[in-house]
Protein chains: 2
Amino acid sequence: MTGHKLDYMFDPDSVAVIGASKSPEKWGASILKHIIEGGYEGDIYPINPHEEKIQGLEVYQSVLDVPNDIDLAVIVTPKEVVPTVIEECVDEGVETAVVISSGFGEASDGRSEAEERIAEIAREGGLRFAGPNCMGIFSARADLRALMIDVIPKEGNVSFISQSGNLGIQTLDRGYMNNLGFDMFVSSGNEADLGCEDYIDYFREKSSTESILAYIEGVKDGDKFFKVSKKTTPVKPIIIYNSGETEAGRKAAQSHTGKMGGSKKIFDGVFKQTGIIKAELTDEMVEYAMAFNQPLPRDNEVAIYTRGGGWGVVVADLCNKYGIKTPDPPERILKKLDEILPFYWSRGNPIDDVATTDPSAQFEIIEQLKEWDIGGVIILGGVGRFWIDRAIESGYSEDLVMETHMELMDEIIELSEDKPVVTVAFKAFDETDTVKKLRNNKIPVYYSPESGVKAYRKLIEYKNFLDSLEKYGHSK
Amino acid sequence: MTGHKLDYMFDPDSVAVIGASKSPEKWGASILKHIIEGGYEGDIYPINPHEEKIQGLEVYQSVLDVPNDIDLAVIVTPKEVVPTVIEECVDEGVETAVVISSGFGEASDGRSEAEERIAEIAREGGLRFAGPNCMGIFSARADLRALMIDVIPKEGNVSFISQSGNLGIQTLDRGYMNNLGFDMFVSSGNEADLGCEDYIDYFREKSSTESILAYIEGVKDGDKFFKVSKKTTPVKPIIIYNSGETEAGRKAAQSHTGKMGGSKKIFDGVFKQTGIIKAELTDEMVEYAMAFNQPLPRDNEVAIYTRGGGWGVVVADLCNKYGIKTPDPPERILKKLDEILPFYWSRGNPIDDVATTDPSAQFEIIEQLKEWDIGGVIILGGVGRFWIDRAIESGYSEDLVMETHMELMDEIIELSEDKPVVTVAFKAFDETDTVKKLRNNKIPVYYSPESGVKAYRKLIEYKNFLDSLEKYGHSK
């Protein structure tokens, strides 16, 4: 442990589940089950005054009865008893807590009296807690899956804060489907005590976290949020989806997590000044986080290699709109490609190979992309199932086709060692082995051409932000 | 047949495949295979001067040797012989053709001499053709799958023109995954003869087509395009993704299909005047087409029913941004819901049921949505796998859970008889039975909250367009 208080939450030696239950329909049953199934190896203490054993574990009537230290208490009791439970946690010397229980600030116009009260008890007792009204936490290094819902995050380098449990779980699930791994996750709920700015502050210090993701509906301490973000973005990227930007959204946010959203204008200004990457769509949270596993582009020039003309046009258009330049390949590369492609190939950027079915041409194009001194590469098609199926239909054996395509992926992976590469598969939801191979090697594979370009654009945006810091003498 | 020339193309009694091949790697083999496998029941004449039998069918040396009438010729020969082939088609009296062959206008600066020549021969001989440089056509009523790629479109009521084969195939595939069915599809390629305006004109006349979808990179006859669109949109919606809007995009389009793209400004103006629905992302083509299977909303007021607070906030925000109003439910409905939901439910719109695990509450909410005199409903979560898994984890039997959820879908289907309903599933790529059931009953199921709202917005947009026609005395 580095001695940070939040290490008790994300790397606890012991966890108490207060409100643990035998009835499978209760959240107090499922959260305990997910902790056990997640492989957590520390001590687990179910707390319930009416039971003796739950899921094979000895039950204690109260935390006060637990003979050992408790690093983390997960509280799943009815709202009414939460203040008493928090008092007992303080008395027992529990370090941190996650308050799942609902019905606090979100049920009134913002912070409720009960919420103020538990925050005060905790503050005075030196207990820090997440929630209330949250879905739990996940920590890869502790194998801790203290989540209400049975979602299994992949382990990785992204740490994620979500003020919405719903959006948190959905984002973990989408991450799973795109092979995006998480280091830590917290459903931060109403944030009566710990706020998103505290988690960002903590995640910055952890070397296992390489980028930070957040869904926020409002910020409790705007000043601290600004300062922490400014300190963090020079070290690792922060990607945020900010909701509650409109009147209807703010009203919904208030009855959701009791947050007072800030105006879009204010948030956009803060994001710009601190270099936070803004996600405009919920799906972009995962899409952008996937891209930040790639090296940053040195400039705003990109090569587009497409196996389909239409996607080439769409992406060229978008690059142009975003100010990403698509210079033509040097003459020597054009001449080299003339030798191997049909005469009607595009002879420019996008490099449209007019869907040649000759795999050696694809290898040669990747080779030329390595030779080309260009900032980065967007590859459209050619990485997934689509052309594999076509090759098999052409009469080649599935084994040979897969082998060839896996070798092509090796070349793309090699290409990405030198410059950032993002790819797009033709088939939606493609999870074929070639796609998995790229993802396992940190190359993002998207399912729409727009997703690929938007993500690439954010890499450039972040690079420009870091450059601007150097320019103005900011030291990391 | 209604006597329209294009009936020969989309409902032919006989098809010749010129350039049919025995070698499975040739497009002349796969396109013939797909026609046969698609179940086409008319006569098929493979044409190849060097073969006697291909895929079990008698081969003719030239169309001139075919003893019967040919309604449609699919031409897959090398570019060099296409003019001769077209001449022979004219001599034989072939009615229509689809020219797959590439290397025409897209290989030069726009229309090539060879392309002009085949267009002239056809024009003089009364032959109409699609292409060159295209991927083929599909027609549900003819069971005709004359496509290079082995994609199997679902049958339905959308007819689709794509100037890009690549985007055409990808869109059919995405349609398939979302249970969106197609009536006719044409990969229109370079449009040396028939242009997208001709297909729109034809699709308008066909009652089996209820909406028209198009991907375009440029329009040959802008005046005709405008007139045809203006005549069509009062009868059925046209949804278009227009690319080649920037300089880089136009350059790419030119080497792709030889099109000269129009400026974004001009196209936006045309779209607005003609009431064409604009898709801004390639995925929106399918997403919007899915929505147009619902009745149009009577106004711009919508009820949001969400099983997750975060998505409720996101959608409330977006509705506000798009000018869609989210009025609170009437007091009697609030009171009714107070009786069945936890005290901290949202008591407003979005109706956030705070993820109650009591299915009877969900039935009651759908019931209240039926009673509520509101323009339409967006349902977030509760339609797919997510809560089914949770219920099973809670200890209920899978059979009972599925039965209950299928019944809930019946209620949602009933709700949609009275007002438009769009839904969003929590899990991405969810294809569980409940999702399929909704889709089979024309209710779109999306995978992101934004997709749902954007699609709903387009329903309102189209309704407003139709209203404006009535207002200014336009008669259908």
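Only the coordinates and a few stated rules stand behind these numbers; no lab work does. Keep in mind it's a predicted model, so treat the numbers as computed, not measured. Because the Cβ atoms are built from the backbone with ideal geometry, glycine has one as well, and the counts that use them run over all protein chains shown.
The table that follows gives values for the structure above.
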item: Mean Kyte hydropathy of 1.6 or more with a Cα span along the axis of at least 24 Å, helices from DSSP in chain B; result: none
item: Average partner coverage of B:448-454, which counts Cβ from other chains inside 10 Å; result: 3
item: Test item: Cα-centred dipole of the protein assembly as shown, Lys/Arg +1 and Asp/Glu -1 on Cβ, debye; result: 2880
item: B from A by rotation - nearest chain A beta carbon to the axis, in Å; result: A:Phe429, 2
item: Averaged over A:214-221, number of beta-carbon atoms from partner chains that fall within 10 Å; result: 1
item: For region B:1-145: rounded, prolate or oblate by the Cα gyration tensor [a/c cutoff 1.5]; result: rounded
item: Filter on B:Lys336/B:Lys419; A:Lys264/A:Lys442; A:Lys325/A:Lys471; A:Lys454/B:Lys321; B:Lys206/B:Lys230 - keep pairs with C-alpha separation over 26 Å; result: A:Lys264/A:Lys442
item: For chain B, calculated [θ]222 nm from helices alone, where every DSSP H run of n ≥ 4 adds -39500 (n - 2.57); result: -13000 deg cm²/dmol
item: By average C-beta atoms within 10 angstrom, highest first, the peptides B:230-241, B:91-102; result: B:91-102, B:230-241
item: For A:Ile54, distant residues with modelled amide H under 5 Å away; result: A:Val59
item: A:Thr306 long-range amide H proximity, modeled H, under 5 Å; result: A:Ile351, A:Asp352, A:Asp353, A:Leu380
item: Under 10 Å, Cβ to Cβ, from B:Val445 - net charge with Lys/Arg +1 and Asp/Glu -1; result: +1
item: Estimated Rh, the protein assembly as shown: Kirkwood, alpha-carbon pairs, angstrom; result: 29.7
item: Of the trypsin sites (Lys or Arg not before Pro) in region A:89-173, those whose Cβ has at most 16 other Cβ within 10 Å and which sit in DSSP loop; result: A:Arg141
item: Centre separation in Å (Cα based) which lies between region B:273-344 and region A:139-200; result: 27
item: Estimated Rh, chain A: Kirkwood, alpha-carbon pairs, angstrom; result: 24.1
item: Per-copy distances of the B:Lys230 label point, shortest first, in nm (7 angstrom along Cα→Cβ); result: 5.8
item: Convex hull projection area averaged over all views, region A:432-476, Cα basis, nm²; result: 4.1
item: Volume per residue that the Cα convex hull of region A:116-164 spans, once the total is divided by residue count, Å³; result: 106
item: Dipole magnitude of region A:348-427, debye to nearest 20 (Cβ charges: Lys/Arg +1, Asp/Glu -1, about Cα centre); result: 420
item: Scaled radius of gyration (Cα, divided by 2.2 N^0.38 Å) that region A:1-69 gives; result: 1.13
item: Prolate/oblate/rounded call for region B:115-269, Cα gyration tensor, a/c under 1.5 rounded; result: rounded
item: Evaluated at q = 0.14, 0.16, 0.22 Å⁻¹: base-10 log I(q)/I(0), Debye formula over Cα of region B:258-378; result: -0.72, -0.86, -1.33
item: Sites B:Arg332 and A:Glu80, calculated FRET efficiency, Cβ-Cβ separation with R0 25 Å, nearest 0.05; result: 0.25
item: Partner aspartates and glutamates for B:Lys236 [C-alpha distance under 13 Å; skip if fewer than 8 residues away on the same chain]; result: B:Asp201, B:Glu205, B:Glu210
item: Dipole moment magnitude, nearest 20 debye, chain A about Cα centre, only Lys, Arg, Asp, Glu C-beta charged; result: 1560
item: Per residue convex hull volume, Cα atoms of region B:62-193, in Å³; result: 100
item: Shortest-first nm distances, B:Glu37 label point to equivalent points in other copies (7 Å, Cα→Cβ); result: 3.9
item: Positive-end residue, chain A charge dipole about Cα centroid, Cβ charges, pick of A:Gly384, A:Pro297, A:Ser101; result: A:Pro297
item: Amide H partners (placed H, <5 Å) of B:Gly384, local residues excluded; result: B:Phe426
item: Among A:301-311, B:26-36, A:428-438, the order from most to least packed when residues are scored by Cβ within 10 Å on average; result: A:301-311, B:26-36, A:428-438
item: Shape of region B:160-228, Cα gyration tensor, a/c cut at 1.5; result: oblate
item: Distance between region A:389-416 and region B:45-91 - C-alpha centres, whole angstrom; result: 34
item: Förster radius 56 Å - calculated FRET efficiency between B:Asp13 and A:Glu58, Cβ distance, rounded to 0.05; result: 0.10
item: Antiparallel DSSP beta bridges within chain A, percent to nearest 5; result: 15
item: Antiparallel bridges, percent of DSSP beta bridges restricted to region B:39-198 (to nearest 5); result: 40
